[in-house]
Amino acid sequence: MDDGGEDVILVDMDDREVGRAAKLPTHKMGYLHRAISVCVVDSAGRMLLQRRASGKYHSAGLWTNACCTHPRPGEAADRAASRRLREELGVVCPLNWMARTHYRASVAPDLVENEVVHLFIGLYGGAVRPDADEVDAFDWVARGLLLSQMRESPDAYSPWFRHYLSSFGEALFRTPGTSI
């Protein structure tokens, strides 16, 4: 089980840093930590989804938003979002901060995500070049189709992505810069 060997930033519910810990023990113990997630839409209002690679240490094979990660200690959330979008999907686009949210979910028999997430949204219409170690597949999906597929097979989607859709709904599909 490869967790990348990185430290994560432990936070309180107000997203104030309270410490640091190794990523895998943080998930085993369910410690509250900082994360980022990115949703990307195109000019037609479709969302870029990825299916997590089968080798991921949790949530492998699930469909989810464009990317997510944990900021490295000392790394700003917006920089982490841009870095990870480029690393996972080969996508570079301006990102707008959308919201801060919290979710907690079991993601494997012995792993818990307990995250204060900075959610970003971007507009992109170019080529997608996924890293095969991170992403098994990707697709651009219209809102109505996504919601229908998610109702039929909710367990095919990551718990954090289901949280974002239930919490922010249509706002996730709006072109960045338009009112919500």
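Quick notes on this one:
Condition check ((1) surrounded by fewer than 13 Cβ atoms within 10 Å (Cβ to Cβ); (2) in contact with a strand residue (DSSP E or B) (Cβ under 8 Å, 6 or more places away or on another chain); (3) among the small types (G, A, S); (4) closer than 19 Å to C67 by Cβ) across all residues:
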{"residue": "A108", "(1), (2), (3), (4)": "no, no, yes, no"}
{"residue": "E113", "(1), (2), (3), (4)": "no, yes, no, yes"}
{"residue": "Y157", "(1), (2), (3), (4)": "no, yes, no, yes"}
{"residue": "E170", "(1), (2), (3), (4)": "yes, no, no, no"}
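- Segment 150-159, residues that are closer than 13 Å to L49 by Cα and in a helix (DSSP H, G or I): M150, A156
- Pairs, first farther than 19 Å from R51 by Cα and assigned to a strand (DSSP E or B) in segment 83-98, second modelled with pLDDT of 95 or more and among the hydroxyl-bearing types (S, T, Y), C-beta under 7 Å, six or more apart: L95/S82
- Of all residues in segment 115-149 being in a strand (DSSP E or B) and among the small types (G, A, S), the one that is surrounded by the fewest Cβ atoms within 10 Å (Cβ to Cβ): A137
- Taken together, the residues in segment 59-71 that are in a loop (DSSP other than H, G, I, E, B) and either surrounded by 15 or more Cβ atoms within 10 Å (Cβ to Cβ) or among the aliphatic types (A, V, I, L, M) (or both) amount to 7.
- Condition broken by E88, with the remaining ones in (1) in contact with an Asp or Glu (Cβ under 9 Å, 6 or more places away or on another chain); (2) over 19 Å from V141 (Cα atoms); (3) acidic (D, E) satisfied: (2)
- Qualifying residue in segment 61-80 (condition: farther than 24 Å from D139 by Cβ and among the polar types (S, T, N, Q)): no
- Residue in segment 84-95 that is closer than 14 Å to R34 by Cα and under 13 Å from the mean Cα position of the chain (by Cα) present: no
The values are calculated or read from the model by the stated rules, or taken from the named source; none is laboratory data. None of the values given here were measured: they were computed from a predicted structure. Ideal geometry is used to build each Cβ from the backbone, glycine not excepted, and the neighbour counts take in all protein chains shown.
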